[in-house]
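Student: Questions regarding the structure given below will be posed in turn.
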Amino acid sequence: MADKPAPPGEKLVLDGVPPRRPWWRTALRWTVFLGLALGNAALVAAVALYFWLSRDLPSVESLAEYRPPVVSEIVSADGQVFGELFEERRRVVPYDRIPRHVVQAFLAAEDKNFFQHHGVDWLGTLRAGVNTYVLKRKIQGGSTITQQTAKALLVSSEGFAEGTRKNLRRKGREAILAARLERAFGKEELLWLYLNGVYLGHHSYGIESASENYFRKTVGELTLPEAALLAGLPQAPSRYSPVLHPEAARTRRSYVLRRMREDGAITEEERRAAEGSPVRVHAIDDPFREVAPFYAEAVRRRIVDRLGNPRVLREGLRVEAAMDLDEQRAAQQAMLHGLLEVDRRQGYWGPVARVEGAEREALRRRLAQAWPAGSLRPGDFAVGIVSAVNDGSGQVRVEVGDDPGVLPISGMRWARPPNPQVHWEYAMIDRPSSALRAGDVVLVRRVEREELVALEKAARSGKPAAVPEAPLLLALEQEPRLQGALVSQDPGTGYVDALVGGYDFEASEFNRAFQACRQPGSAFKPIVYAAAIEKLGFTPSTLLTDAPVVFRDAERSWKPQNFGEDFKGEVPLRSAVVSSMNIPAVKTAELLARKMGAGFLGEWAASLGITSPVKPELGSALGSSCATLFDLVNVYAVLDRQGVKRPAVLVKRVLDREGRILEDRIAPTDPWAPLSERLAGGYAEVRDEPVRVVEQRAAYVLQHLMHEVATVGTGAQAARLGKPVAGKTGTTNDSFDTWFLGYTADQVAGVWLGFDHNEQPLGRAETGGRAALPIWLAFMQASLRDRPQPDFPIPAGVTFVRIDPKTGEAVEPFEPGVLEPYLEGTEPTPRAPGEAGATKVDVHDLFSE
């Protein structure tokens, strides 16, 4: 039977095998399948990439949460900024204080379509990506203001290196954050974020900081050309820096002004006027290093120790220091003048450098730029090149750039070869060639002829040299190798109102007021005598023997000497203190050790304020144990307060960026503090009783003796202050360290001078009274010029008796003598024939074995 034909539409099946499907259907099915699979994979990858890029992005959901790093300020007592601490030097300013033309300048320069886009300029971003990563051309931008704001937030949260990394991941994170910012904020709010975050060069973050840095004004005071100049900086702050590259900054400013004109923000007349104005900016300030760097660094260390470095650098603290700016300037001036003078007495260390030929001409041209012809005024320092030395005329020709100057022998007689064994006054030079030769690079100071005449008259030379007439007269100077420190404190409040830690902070940040532990010499003796008066009942009449003696101390023998290498025999305590005798001080320490214990002197010194260890040896009475100047000033402040101890204060108050008080040490007598703060300080003082470490009457007896040191004793030059003063000199063996510490009723100050590494002693006859005291005096004269000082108060229970200063015995009222204080009941009376008058310490009993 024949097979039936297959119905229409059915495939013919042969031998049970179905017919093949068309190839295109199979391809279509696989295409759809692979497309769905790849699409899902791409979606999963995109989601994963999004979450990977979004990980740890900074969250800024409201303006209240915007807390960028801002600069912390250290301010003086009168509110002057003398230190800034920051990771990013930023000051946040409200949007309504930013002028319209400033906003328009930044929009024209950075993002003219800012109000039209939604955060990302995709075309610009794509163009930048192709040029950078495909064509390998120079990296191009394309970031909107929103993206730049996102970048600034990334830098703040991740650090500069990570937040500015040149890769696609960072660009992706920036785009995601930009989109979030557009959703969270309005356009004006985004502009506010941007203008307070954009980096504008030279540590300037934000428009307010840049306005202060470059123009010394607030953003509200910016002119159109100034605004356009700043608006040109974000693309390349270093390349367009108006400080380093003013012409490049001018060109960039012209571009911004042209864009503003094209956008209709300014008129053609305004553009031309702004474009024609000169580029004028100030040198960038660094108040930390320029005003009082040693004080600022001491404050920084203290607040970092208490609050932590991240908080100090990021949280915009206001640190109110105790420093009085006028007194600080007086301290720095006195220290500079004194250091230069004492360093010259050490001799001439040699020229700064030597130059010849082409090197000399190149240096001369550089010096001409630093000191243009005719710019030097009397008192100005400059660097010059010696061109000729003439011993016959006693003159040296010095080129200060294009200005030829004359350095006569009268301006350089001090320039002898250093030799601490030779007294400087007897070693002045007579020939310029003994110090200088052609090609020497030297430091000079312009002087008036009258000063040179006075110097020549004061010089101990055989035949005074004539001082020439010349348009530019010079004196030789040098960078001192000598170092010094000065600390001043208000004893009533504990405020440290001035502090100098060395000659040059840039050369060495080592703060010699706090960090240099040096032997104080005789400046330590008041600590010994304070203990003797209180604990052993010493009086000004107590007799001590000043005679040669050998001490056995810590398994060694030593023989102390007085500075004058002579001995006075039996002397009253008054003479021992006033003349700073060494042997009576050591014998007093020996008596204290026997009566109070070997470690007593160290414990006593610590109670007064010495924080470094005091060795349990008799040499400590002469200052063999080191101490810092800061500690010694604290001790002398205790004596000024007649035995009351209070902490020294460098930081009065610390406030956070919202004005909340974090620390408060305001004194009730602080004239700069608000009334509420002074009342709070008064309450704190009432609540916390003062710590008395020396009995008041004993402290006054020592104070009176130190008053005589500063008027008729080793520190008699202090009497030139013309006010009631007490103090003590200090000089170590071979004059490696020289000190003077002194005080009036409401100011105590101390000065140290010496070399950092004791490479050599100071010159012959350099003592505390000769080297350190003049600096102290110059500072105190400037500080107390308009401040009358009362006499030191006399406590109840103290009586005065006139005594013979040589014997300590009381004398009749009309006999020659000096008035000395005594605790009632301890005063001497005029002796009858055959009676003992003054109290005598029997040294034979004390020191015999």
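Student: What FRET efficiency do you get for Asn419 and Glu603 if R0 is 41 Å and r is their Cβ-Cβ distance, rounded to the nearest 0.05?
Tutor: Values: r = 43 Å, r/R0 = 1.05.
For R0 = 41 Å, the calculated efficiency reads 0.45.
Student: Another question, if that's okay. Tell me, in nm to one decimal, what length is gained between Glu658 and Phe381 on full extension, where the rule is 0.36 nm per residue of separation less the Cα-Cα distance?
Tutor: Going from the current span to full extension adds 95.2 nm.
Student: For an R0 of 56 angstrom, estimate the FRET efficiency from the Cβ-Cβ distance between Ala37 and Leu675 and round to the nearest 0.05.
Tutor: Working from the Cβ atoms, E equals 0.10.
Student: Calculate the FRET efficiency for Arg258 and Lys187 from the Cβ-Cβ distance with a Förster distance of 25 Å, rounded to the nearest 0.05.
Tutor: 0.55
Student: Mind ordering 88-99, 572-583, 645-656, 264-275 by average Cβ neighbours within 10 Å, highest first?
Tutor: 572-583, 645-656, 88-99, 264-275
Student: Moving on to the next point. Please give the peptides 198-207, 710-719 ranked by average Cβ packing (other Cβ atoms within 10 Å per residue), highest first, as a rough proxy for protection.
Tutor: So the order, starting with the most tightly packed, is 198-207, 710-719.
Student: Where a ≥ b ≥ c are the square roots of the eigenvalues of the C-alpha gyration tensor, would you call region 355-397 rounded, which needs a/c under 1.5, or, failing that, prolate if a/b is larger than b/c, or oblate?
Tutor: Because a/c hits 1.5 or more and a/b fails to exceed b/c, region 355-397 counts as oblate.
Student: May I ask you to list the trypsin sites (Lys or Arg not before Pro) in region 417-477 that are in a DSSP loop and have at most 14 other Cβ atoms within 10 Å of their Cβ?
Tutor: Within region 417-477, the qualifying trypsin sites (Lys or Arg not before Pro) (loop, at most 14 other Cβ atoms within 10 Å) are Arg437, Arg460.
Student: Using a 1.4 angstrom probe on the protein heavy atoms only, could you order Ser434, Ser211 from most to least accessible area? Spell out each step's value before the answer.
Tutor: Numbers: Ser434 55, Ser211 0 Å².
These residues rank, largest area first, as Ser434, Ser211.
Student: Would you mind classifying region 420-473 by shape? Square roots of the alpha carbon gyration tensor eigenvalues, ordered a ≥ b ≥ c; an a/c under 1.5 is rounded, otherwise it is prolate if a/b is larger than b/c and oblate if not.
Tutor: Because a/c hits 1.5 or more and a/b fails to exceed b/c, region 420-473 counts as oblate.
Student: Next up: Taking 0.36 nm per residue of separation and subtracting the Cα-Cα distance, what length does fully extending Glu479 through Arg311 add?
Tutor: 56.6 nm
Student: Next up: Along the charge dipole of region 642-797, Cβ charges K/R +1 and D/E -1, which of Gly769, Ala710, Val693 sits furthest on the positive end?
Tutor: Towards the positive end, the residue furthest out is Ala710.
Student: Also, quick follow-up: Which of the residue pairs Lys595/Lys615; Lys525/Lys723; Lys652/Lys728 have a Cα-Cα distance greater than 20 Å in the structure shown?
Tutor: Violating the 20 Å Cα-Cα cut-off are Lys525/Lys723; Lys652/Lys728.
Student: Still on this model: Using amide H atoms built in the peptide plane, which far-off residues or other-chain residues are under 5 Å from Gly405 H to H?
Tutor: The answer is Val398, Glu399, Val400.
Student: Percent of accessible area on region 587-718 owned by carbon and sulfur, 1.4 Å probe?
Tutor: 57 percent
Student: Moving on to the next point. Determine the share of region 763-819's accessible area contributed by carbon and sulfur atoms, expressed in whole percent, with a 1.4 angstrom probe.
Tutor: Summing carbon and sulfur atoms, their accessible area is 56 percent of the total for region 763-819.
Student: At 1.4 Å probe size, what's the solvent-accessible area of Trp192? Round to the nearest 10 Å².
Tutor: For Trp192, solvent-accessible area is about 40 Å².
Student: How large is the accessible surface of Glu290 in square angstrom, using a 1.4 angstrom probe and rounding to the nearest 10?
Tutor: Result for Glu290: roughly 110 Å² accessible.
Student: So, one more: State in Å² the accessible area per residue of region 427-505; use a 1.4 Å probe, count heavy atoms of protein chains only, and round to the nearest integer.
Tutor: Details: 3180 Å² over 79 residues.
On a per-residue basis, region 427-505 sits at 40 Å².
Student: List, in order, the whole-Hz ³J(HN,Hα) value for each residue of region 517-528 obtained from phi through the Karplus relation with A = 6.51, B = -1.76, C = 1.60 and θ = phi - 60°; use x for Gly and Pro.
Tutor: Using θ = phi - 60°, the values come out as 9, 10, 5, x, x, 5, 5, 7, 4, x, 5, 5 Hz.
Student: With only alpha-carbon atoms in the gyration tensor, what are the semi-axes of the equivalent ellipsoid for region 672-761, in Å, largest first?
Tutor: The answer is 33, 19, 14 Å, longest axis first.
Student: Where in region 564-612 are there chymotrypsin sites (Phe, Trp or Tyr not before Pro) that are in a DSSP coil and have at most 10 other Cβ atoms within 10 angstrom of their Cβ?
Tutor: Passing sites in region 564-612 do not exist.
Student: Moving on. Is the shape of region 191-261 best called rounded, prolate or oblate, per the rule: a/c under 1.5 gives rounded, else a/b larger than b/c gives prolate, else oblate, with a ≥ b ≥ c the square roots of the Cα gyration tensor eigenvalues? It would help to have the intermediate numbers written out before the result.
Tutor: On the way: a/c = 1.41, a/b = 1.21, b/c = 1.17.
Cα axes put region 191-261 in the rounded bin.
Student: Right, something else. In what order, largest first, do Phe630, Phe381 sit by accessible area if the probe radius is 1.4 Å?
Tutor: Phe381, Phe630
Student: Can you compute the modelled spin-label distance between Glu448 and Lys217, with each label point 7 Å from Cα toward Cβ, in nm?
Tutor: Once both label points are built, they end up 3.8 nm from each other.
Student: Moving on. According to a simple spin-label model (label point 7 Å from Cα along Cα-to-Cβ), what is the distance in nm between Arg100 and Asp756?
Tutor: So the two model labels end up 5.8 nm from each other.
Student: Arrange the residues Ile527, Ile794 by how much accessible surface each exposes, largest first, with a 1.4 angstrom probe.
Tutor: Result of the area sort, largest leading: Ile794, Ile527.
Student: Right, another one. Considering all projection directions equally, how large on average is the shadow of the alpha-carbon convex hull of region 732-828, in square nanometres?
Tutor: 9.7 nm²
Student: Can you compute the modelled spin-label distance between Ala388 and Ala373, with each label point 7 Å from Cα toward Cβ, in nm?
Tutor: Going from the Ala388 label point to the Ala373 one covers 1.8 nm.
The values are calculated or read from the model by the stated rules, or taken from the named source; none is laboratory data. The shown structure was predicted, so the numbers you read here are calculated from the model rather than taken from an experiment. As a convention, Cβ positions derive from the backbone with ideal geometry for all residues, glycine included, and neighbour counts pool all protein chains shown. Side chains are part of the model used for accessible areas, which takes the heavy atoms of the whole protein and leaves out ligands, DNA and RNA. Shrake-Rupley method; radii C 1.70, N 1.55, O 1.52, S 1.80 Å.
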